[in-house]
Amino acid sequence: MLAGGKSSRMGRTKALVEIDGRPMGRRVLDALRSTGCDPVFAYGGDADELAPLGVRVEPDRHPGEGPVGAVAGLLGLISERDAQRAHDETPVDGAVVVACDLPDLDDTVVRALIDAAQRQPGAVAVARTERIEPLCAYWPIGVGAQVASAFDAGTRAAHRLLDDLHVVVVDVAPGALRNVNAPSDLD
């Protein structure tokens, strides 16, 4: 999960904005946890501020550098931790990366991403309604070096990053990826 800090358009931390009495970040966390994703953590944002969500917060390695920086940092973090695992532990194949501002995300979408990634190992499984949503995707650890290289070369738009990767598109129900970026999106 990507949490991030205060949103200039929202005027506050998006993960804590309530929709139907529940913070958006909690809704995303619940969707991930209900599919068995483990560990689940927030990547970026202020740990004290996000404490009400009851989730571990990992510092963003490239704060303010957009979604490609976040994905690059997250895959790098997971890869490093995987290298430190004991030999008898199962290595991590990938990560479901979800922005905190998708309040209608549910376990059906998360499960569909994981299933698609299992059917096509090495592919980035990306959710789509009207358009693809790179921050609702299963990212295999094996693309980490390519993502980092693209980030280092200046790529900041996630959809451009996907142009150079093996991608499987997962169509999901209309509205499942409603994105809340501004107060007007809450209506």
V124 being surrounded by 14 or more Cβ atoms within 10 Å (Cβ to Cβ), in contact with a strand residue (DSSP E or B) (Cβ under 9 Å, 6 or more places away or on another chain) and at negative phi: yes
Selection count, the stretch 47-86, where residues are among the aliphatic types (A, V, I, L, M) and in contact with a strand residue (DSSP E or B) (Cβ under 8 Å, 6 or more places away or on another chain): 11
Residue match in the stretch 68-80 (condition: part of a loop (DSSP other than H, G, I, E, B), touching a helix residue (DSSP H, G or I) at 6+ places or on another chain (Cβ under 9 Å) and modelled with pLDDT under 95): no
Residues of the stretch 1-25 classified as touching a Leu at 6+ places or on another chain (Cβ under 8 Å), small (G, A, S) and modelled with pLDDT under 60, total: 1
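For (1) part of a helix (DSSP H, G or I); (2) more than 18 Å from H159 (Cα to Cα), each residue gets a yes or a no:
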position	(1), (2)
D101	no, no
L105	no, yes
V110	yes, yes
A116	yes, yes
G122	no, no
E130	no, no
L135	no, no
W139	no, no
G142	yes, yes
Selected residue [more than 25 Å from E80 (Cα to Cα) and of a type in the set (V, I, T)] from V143, V147, V170, V124: V170
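The values are calculated or read from the model by the stated rules, or taken from the named source; none is laboratory data. This structure is a prediction, so every number in the text was calculated from the model and none was measured. Ideal geometry is used to build each Cβ from the backbone, glycine not excepted, and the neighbour counts take in all protein chains shown.
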